[in-house]
Amino acid sequence: MSDFFTVSVLVATLASGIRLATPYLLAALGETIGQRSGVLNLGVDGVMLLGAFFAHWTALETGNLWLAVVVGLFTGLVMGVVYAIITVYFKAEQGISGIGIFLFGLGFSDLMFEVKVGTPKFTTQLPPVEIPLLSDIPRVGEALFSHSLLTYTAFLLVPAVAWLLHRTTFGMNIRAVGENPQAADSLGVSVNAVRVKTILIGNTMAGLAGAALVLEAKVFQPNLTQGLGFIAVALVYFGAWRSPFVMAGALLYGLVQATVIQWKVLGIISRQFSDIAAMAPAVLTVVALIVLAGRVQAPRALTKPFERH
């Protein structure tokens, strides 16, 4: 255990934890925007899988990693259109619809992998971008300021989402629709239009999260996310629908995951126990939800279809 508490290992663990937190954070921020408008999307994991596969396939075919990122974004957008039609216009039950999206993403990404790729194939990784001066700070620079553009983007989106929700007319409409859609409608706010927009934003960010995940891993395999999308949904509750707290939760999960990996590499835990330790994020999710149950107030219209009276 003493090997872990060395400066070099702790810095490497922190840097790894920040990178691992990136897909959690991207997906959870998108889900935060959607839930603030009253829409729950349990299909985040499936959208991430599709975004991850098509980003990976694009990278394999073209060698262009940024085109792969764009394809991941577009895949999420397409799934957002599908989910918006199902839940907003056909008013299907959101929980069941989300599970359907998840199962579709899980099955279709697996099928496309078998048809288009077949065996795991590695791509290159998004290169780190060192921030001038800051990246030169001993230890701190290596841990905090030498990451890919997607990681920086994820953390810059935290204040951007907070600003959107609390400092813009659109954000005010989102919160009004999520709390009292009838009142918002009476004031001339198009409830359906607001919800469609938040669904498109949320799913696009889930697709980007999938691209970030697969480009960090450099390889796609069936069920690559392993439930990460469901943890991202839980992080919204963990963060009480506020982006800074969602970020804190994402960092916690990323650091837990990075610590387990380091312990395995250093031989602190056996291979058999490492499989149990890998369940730590899921266990942490359950514990957090139990602790927070009844202590945080969800948007009042969450999961409720809008019907104009």
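Just so you know, all these numbers are worked out from the coordinates, no wet-lab data involved. These numbers come from a predicted model, not from an experiment. Backbone-built Cβ (ideal geometry, glycine too); neighbour counts: all protein chains shown.
Per the helix-only calculation at 222 nm, which mean residue ellipticity applies to the chain, given -39500 (n - 2.57) for every DSSP H run of n ≥ 4 and division by its residues, nearest 500 deg cm²/dmol? Don't skip to the end; give the middle numbers.
Values: 13 runs with 211 residues, N = 309.
My calculation for the chain gives -22500 deg cm²/dmol from helical runs alone.
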Within the set 25, 144, 50, GNM on the chain using Cα springs under 10 Å gives the largest fluctuation to 144
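Filter 197/218; 116/218; 91/197 down to the pairs with a C-alpha to C-alpha distance above 21 Å, please. Don't jump to the answer; show the numbers that get you there.
Details: 197/218 31 Å; 116/218 17 Å; 91/197 16 Å.
As for pairs spanning more than 21 Å Cα to Cα, those are 197/218.
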First measure r as the distance between the Cβ atoms of residue 190 and residue 108, then evaluate 1/(1 + (r/R0)^6) with R0 = 45 Å and state the FRET efficiency to the nearest 0.05. 0.90
Measure off 7 Å from each Cα along the Cα-to-Cβ vector at residue 290 and residue 93, then give the distance between these two points in nanometres to one decimal. 2.7
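If you rank 279, 79 by fewest surrounding Cβ atoms within 10 Å, what's the result?
Numbers: 279 10, 79 27.
Ascending Cβ contact count within 10 Å gives the list 279, 79.
Residue 115 to residue 64: FRET efficiency via 1/(1 + (r/R0)^6), r the Cβ-Cβ distance, R0 22 Å, to the nearest 0.05? Working shown, then result.
Values: r = 22 Å, r/R0 = 0.99.
Efficiency at R0 = 22 Å is approximately 0.50.
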Among 86, 174, 290, 137, which comes first, second and so on when ranked by fewest other beta-carbon atoms within 10 Å? 290, 137, 86, 174
Using a 10 angstrom cutoff on alpha carbons, build the Gaussian network for the chain and name the most mobile of 291, 39, 233. 291
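Return a whole-number percent for the relative contact order of the chain, with Cα pairs under 8 Å and 6 or more residues apart as the contact set.
Working: 557 pairs, mean separation 116.3, N = 309.
Normalised by residue count, the contact order of the chain is 38 percent.
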Euclidean distance between Cα centres, region 124-162 to region 79-112, Å: 33
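Taking chymotrypsin sites (Phe, Trp or Tyr not before Pro) as candidate sites, keep only those in a DSSP loop with at most 16 other Cβ atoms within 10 Å, then name the longest stretch of the chain containing none of them. Show your work: numbers first, answer last.
Values: sites that count: 4, 5, 90, 122.
Free of exposed loop sites, the longest segment is 123-309.
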Highest-MSF residue in the chain out of 61, 93, 142 [GNM, Cα springs under 10 Å]: 61
